[in-house]
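Just below is one structure, and these are the notes that go with it.
No value in this document is a laboratory result; all are computed from the given coordinates. For clarity, every value in this text was computed on a predicted model and none was experimentally measured. Every residue, glycine among them, receives a Cβ derived from its backbone with ideal geometry; neighbour counts consider all protein chains shown.
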Amino acid sequence: MGTRGKQKAVPGRQHNHALVIGAAAVVAVVGAGVGAYVLMDSGGTSSAATSDGKPEVKTGPPSAAEVRTAADGFLTAWQAGDAAKAASYTDDASAAQAALTGLTKDARLTDVKVTPGTRTGAKVPFHVASTVSYEEKGADAKKLSKPYAYDSSLTAVRRKSDGKVLVGWQPSVAHPELKDGDRLVTGEAGDPPVKAEDRDGGELTAKKYPSLGTVIDGLREKYGKKAGGTAGVELRVVRKAPAKGAEKNALPDKTLVTLSEGTPGTVKTTISPAVQAAAEKQVASREKASVVVLRPSTGEILGVANSSHGFNTAFQGSLAPGSTMKVITSSLLLEKGLAGVDKKHPCPKYFTYGHWKFQNDDKFEIKDGTFKASFARSCNTAFISQAPKLENDSLTKQAQQVFGLGLDNWAIGVPSFDGSVPVQSDAQMAASLIGQGAVRMNPLNMASVTATVKSGTFHQPYLVSPDVDHRTLAKAARSLSAGTAADIRELMHYTAVAGTAVEPMSGLGSDMGAKTGSAEVDGQKEPNGWFTAWRGDLVSAAVVEQGGHGGDSAGPVVRQMLLNGAG
């Protein structure tokens with residue numbers, strides 16, 4: 001959906017679910033040992049007797065006393081090294097016992113001390129202090145050890161069958177980095193470390209560039225054994241092997257503690273230190289922002305950053321792109337003769353298709369307007385109105401054949417999601433034309449779309465040159481015609497000088513263009529804000545989740561990328 005084109009009544013959109021559990025207050029007394037609490041029980045639990053005198057099963061949120069019993073029992077037994085007893089205080093004793101046993105057996109954590117923090121609702125945070133140890137093998141073997149501490153939390157839940165309050169088990173209780181199937185392991189690393197370098201030969205580190213932590217982990221997983229290094233001894237998160245076909249969406253293994261340094265191999269990337277520094281600065285000042293910067297003439301990735309460093313949304317995210325998708329849709333309409341830059345084009349207040357009624361933001365309409373005017377103002381109905389003239393697979397084929405999307409064959413050097421434009425019918429197909437429905441993208445994908453428009457040909461983005469490992473980059477089946485590419489550039493340029501992207505693109509010269517977007521997500525008060533643009537031989541795309549209009553939220557991020565990368 002466009003920055004000024006809010007779509008209504010589109011089922012099947014993304015869902016974000018939040019669980020809110022109310023409970024009495026429990027305040028931990030720090031320093032008094034596990035289980036020392038000041039209790040302030042405000043009740044809220046329902047309990048009564050049946051006619052035969054038997055107590056009914058309790059319902060409602062856990063009381064302070066019940067939270068204390070579950071948390072105190074669990075944390076005390078964990079600290080004492082009794083995994084079975086600790087697990088008995090959870091709602092999944094088998095999984096909990098296996099995970100806690102693994103902390104001792106596989107992660108080799110000893111001298112564990114668990115200190116609870118201040119309770120909020122049914123949630124109790126806690127701090128784990130321990131020592132990680134490992135005995136090397138061989139004639140020169142020695143015992144390695146380092147202190148290791150981390151913070152986690154538990155949430156008390158009421159079991160429906162009997163009303164008992166227990167610790168709601170999930171792997172992150174044992175360690176915040178763990179997901180289902182993951183393990184903590186201390187030993188010789190499976191992959192040697194790597195020294196990641198920027199395009200100028202400088203070292204890239206997560207300390208200097210926090211967003212690159214996951215990227216460097218991914219480089220190590222792919223190139224560690226090829227780059228000539230030797231493995232050290234580490235405590236690391238070993239991820240569950242991804243299902244077939246989901247490898248590119250998987251998180252790489254992550255090092256938590258290095259007990260002995262290995263010898264790193266060197267992997268050179270296309271990252272520009274100036275662009276990366278600017279990207280880090282932009283996302284650090286925002287919540288849930290992600291940005292990518294590309295060189296459209298080559299596909300080189302110059303910068304990537306995320307506000308959250310646990311998951312690389314910029315490369316692996318799967319989000320509805322809103323009206324930035326209209327760049328692809330416009331290329332389709334232009335090629336099929338269903339639109340012309342300066343030709344008259346309908347932009348009514350409403351358009352119904354497949355029994356869904358679509359509308360524009362504030363129900364605006366453009367009377368006797370051109371397609372250029374509709375694109376610049378991000379008129380939803382201008383695109384929806386063409387749905388009856390399209391085949392169900394038209395948009396899917398355009399995305400795959402011209403823009404290289406949705407074929408799951410990109411090889412950028414680290415895991416990435418290549419976008420998805422599934423074949424749909426009726427209203428869902430219409431919604432896809434404006435970036436809603438089941439269409440899914442991330443900033444890397446949308447930066448690549450604009451790069452294809454700017455260059456006229458799809459160049460698969462890459463972080464590591466294919467010359468390093470002789471891998472094959474993805475190719476598109478065909479290029480945009482010179483005329484169509486020029487038309488889309490004109491549409492995007494007009495949007496930047498007279499449409500929804502004016503403010504972010506102001507003063508950036510004549511060789512530039514942009515498209516705004518905002519994507520509605522069920523359960524969110526504000527839509528996700530999107531922005532994609534080019535300036536010279538530079539392209540950037542960003543998303544700010546729950547940011548509202550793309551020009552207001554993601555636009556300023558992209559503007560700074562285009563300014564800082566100009567040199």
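By the count of neighbouring beta-carbon atoms within 10 Å, fewest first, 417, 383, 315 end up ordered 417, 315, 383.
Which one of 564, 504, 290 is farthest out on the positive end of the charge dipole of the chain, using unit charges on Cβ (Lys, Arg +1; Asp, Glu -1) and the Cα centre as origin? My answer, from the dipole projection, is 504.
Separation of the alpha carbons by more than 28 angstrom is noted, of 343/515; 105/208; 123/281; 372/475, for 105/208; 123/281; 372/475. Between rounded, prolate and oblate, where does the stretch 363-513 land on the alpha carbon gyration tensor, with a ≥ b ≥ c its root eigenvalues, rounded for a/c under 1.5, else prolate if a/b exceeds b/c? Verdict is oblate for the stretch 363-513. With both labels modelled 7 Å from their Cα along Cα-to-Cβ, the residue 526 to residue 88 distance reads 5.0 nm. Each Lys and Arg adds +1 at its Cβ and each Asp and Glu adds -1 at its Cβ; summed about the Cα centre, the chain shows a dipole of about 700 debye. Excluding same-chain neighbours fewer than eight residues apart, the aspartates and glutamates reachable from residue 268 by a Cα-Cα span under 12 Å are 197, 198, 200, 203, 467, 469.
Here the convex hull built on the C-alpha positions of the stretch 275-564 has a volume of 116 cubic angstrom per residue. Computed from the C-beta positions of residue 200 and residue 423 and an R0 of 25 Å, the FRET efficiency is 0.05 to the nearest 0.05. How would the stretch 123-242 be classified by its alpha-carbon gyration tensor: rounded, prolate or oblate, with rounded meaning a/c under 1.5 and the a/b versus b/c comparison settling the rest? Since a/c reaches 1.5 and a/b is larger than b/c, the shape of the stretch 123-242 is classed as prolate.
Taking square-rooted eigenvalues a ≥ b ≥ c of the alpha carbon gyration tensor, is the chain rounded, prolate or oblate, where a/c under 1.5 means rounded and, failing that, a/b exceeding b/c means prolate? It comes out oblate by the Cα gyration axes.
Modelled label positions at residue 150 and residue 277, each set 7 Å beyond Cα in the direction of Cβ, lie 3.2 nm from each other. Distance between the C-alpha centres of the stretch 367-405 and the stretch 193-230: 41 Å, rounded to the whole angstrom. Exposure proxy for 465, 385: other Cβ atoms within 10 Å of each Cβ, ordered fewest to most, give 465, 385. For residue 298, no residue has an amide H sitting under 5 Å from its own, ignoring neighbours fewer than 5 places away on the same chain, with H placed 1.01 Å from N.
Residues 563, 212 in ascending order of nearby Cβ atoms (within 10 Å, fewest first): 563, 212. Summed over qualifying helices (DSSP H, 4 residues or more, each -39500 (n - 2.57)) and divided by its residue number, the chain shows a 222 nm mean residue ellipticity of -7500 deg cm²/dmol. Here the label points at residue 129 and residue 350, each 7 Å from Cα along the C-beta direction, are separated by 6.6 nm in the simple model.
By DSSP, the beta bridges lying fully in the stretch 194-266 are antiparallel in about 80 percent of cases.
Within the straight-line cut-off of under 18 Å between alpha carbons, the aspartates and glutamates reachable from residue 349 are 361, 362, 365, 368, sequence neighbours fewer than 8 places apart in one chain being disregarded. With the biggest extent put first, the Cα atoms of the stretch 194-266 measure 35, 28, 24 Å across the principal axes.
Please work out the FRET efficiency for the pair residue 256 and residue 368, using the Cβ-Cβ distance as r and a Förster radius of 45 Å; give the result to the nearest 0.05. Rounded to the nearest 0.05, the efficiency is 0.10. The alpha-carbon atoms of the stretch 484-567, seen along their principal axes, cover 39, 29, 18 angstrom, with the largest extent given first.
Given R0 = 30 Å, the distance between the Cβ atoms of residue 284 and residue 318 translates into a calculated FRET efficiency of 0.80. Listed by chain and number, the aspartates and glutamates whose alpha-carbon sits under 12 Å from that of residue 336, ignoring those within fewer than 8 places in the same chain, are 391. Just need log10 I(q)/I(0) for the stretch 523-567 at q = 0.14, 0.16, 0.20 Å⁻¹, Debye formula, equal scatterers on the alpha-carbon atoms, no solvent, rounded to two decimals. Cα-only, vacuum Debye calculation for the stretch 523-567: -0.32, -0.40, -0.56.
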